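Enquirer: Below you will find the structure I want to go over with you.
Values quoted throughout were computed directly from the atomic coordinates according to the rules given, and no laboratory measurement underlies them. Because the structure is a prediction, the values reported are computed rather than measured. Reconstructed Cβ throughout: ideal geometry from the backbone, glycine too, with neighbour counts over all protein chains shown.
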Amino acid sequence: MWWAKENHLRLVGGRQKPVFGSIISQGAPLAIASICLTVLMFASNKIILSSLGRTGIYAFALCMNLLLIYNLFLGGVCRTIQSLGSIQVGKGDNEAFTLVLRKSFNFITIAMVITCIFVWVWPESIVMLFGANESDLIAEGCRALRIFAVCLIPFCYIYTIMIVYKLYNHHHMALFISFALSLTVVPVLWLFSLYAEEWIWYGFLTAYTIEMVVIFVLHKMTHVKFELTDPKQ
């Protein structure tokens with residue numbers, strides 16, 4: 001418990017370590033995912049620049065701006081799940097929490113599908129918005145945007161699933177996803193740059209597909225259950 005003496009707060013008692021451990025386990029997946037995403041951006045820039053040069057790095061910059069649009073949906077959904085979902089987790093109300101998850105996944109799916117369709121039909125409008133006036137930049141930008149519009153969908157799903165695992169107290173799975181979400185892409189992208197340079201943009205989609213398969217297999221192998229326990233029990 002906390003107590004005050006001479007205008008100082010001190011933590012006393014023998015339960016500090018479990019409390020701090022719980023705090024760290026809750027925040028670690030998101031922190032690690034942010035760090036790994038930074039590593040991914042740095043490595044991807046190096047790989048794409050060495051493979052596709054100026055044209056490729058321009059197209060990659062467009063794709064990262066497209067990611068910002070997806071992050072609007074992703075950030076809103078994750079905040080909703082963490083805030084409303086945490087309330088239901090604290091109450092042990094599995095039915096209400098399932099409803100929050102269903103509504104959140106429905107919203108993010110609809111938003112991403114609409115965005116993906118727009119990018120597929122009018123990619124030139126996005127490329128031109130950033131001032132591209134050379135035919136090679138426009139062509140490569142449109143090609144990359146169409147592929148990224150699809151591959152960012154599994155990225156958003158995986159990130160959201162990481163939040164779900166965290167709220168269900170499956171911290172090992174959440175930590176695994178936080179590392180794999182970005183770091184899996186780097187070796188896959190590097191292999192594409194060596195052996196299939198013309199298909200390098202599909203490296204992201206390939207990596208996220210592999211991650212989803214591995215997450216599914218681990219989920220089944222470890223017999224993870226999405227069930228809340230009643231805190232009164």
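Enquirer: Indicate the gyration tensor shape class of region 95-233 (rounded, prolate or oblate), computed on the Cα atoms with a ≥ b ≥ c the square roots of the eigenvalues: a/c under 1.5 is rounded; otherwise a/b larger than b/c is prolate and the rest oblate.
Expert: Oblate is the answer for region 95-233, as a/c is 1.5 or above yet b/c matches or exceeds a/b.
Enquirer: Compute the length gained on full extension between Ile114 and Ala196: take 0.36 nm times their separation in residues and subtract their Cα-Cα distance, giving the result in nm to one decimal.
Expert: Between Ile114 and Ala196, full extension yields an extra 26.5 nm.
Enquirer: Per 5 Å bin, what percent of the C-alpha pairs of region 114-178 does each bin hold, from zero upward?
Expert: Answer for region 114-178: a P(r) of 3, 17, 20, 13, 11, 10, 10, 9, 5, 2, 0 percent.
Enquirer: Please give the contour-minus-distance gain from Phe107 to Ile87: 0.36 nm per residue of separation, less the Cα-Cα distance, rounded to one decimal in nm. Let's see the in-between values first.
Expert: On the way: separation 20, 0.36 × 20 = 7.20 nm, distance 1.99 nm.
Going from the current span to full extension adds 5.2 nm.
Enquirer: Can you give the FRET efficiency to the nearest 0.05 for Leu67 and Phe179, using r as the Cβ-Cβ distance and R₀ = 22 Å?
Expert: 0.70
Enquirer: Now for a different question. Note the listed values (1) 21.1, 72; (2) 19.3, 60; (3) 19.6, 57, then indicate which one is Rg and Dmax of the Cα atoms in Å calculated from this particular structure.
Expert: Given (1) 21.1, 72; (2) 19.3, 60; (3) 19.6, 57, the calculated one carries the label (1).
Enquirer: Ok, one more. Return the calculated 222 nm mean residue ellipticity for the chain, to the nearest 500 deg cm²/dmol, obtained by summing -39500 (n - 2.57) across DSSP H runs with n ≥ 4 and dividing by the residue count.
Expert: Helix-only estimate at 222 nm: -29000 deg cm²/dmol.
Enquirer: Can I ask one more? Subtract the Cα-Cα distance of Ile210 and Leu49 from 0.36 nm times their separation in residues, and report this length gain in nm to one decimal.
Expert: Here the segment from Ile210 to Leu49 would lengthen by 55.5 nm.
Enquirer: Follow-up question, since we're still on this one. Amide H neighbours of Thr184 under 5 Å, at least 5 residues apart or on other chains, H built in the peptide plane: list them.
Expert: For Thr184, no residues qualify.
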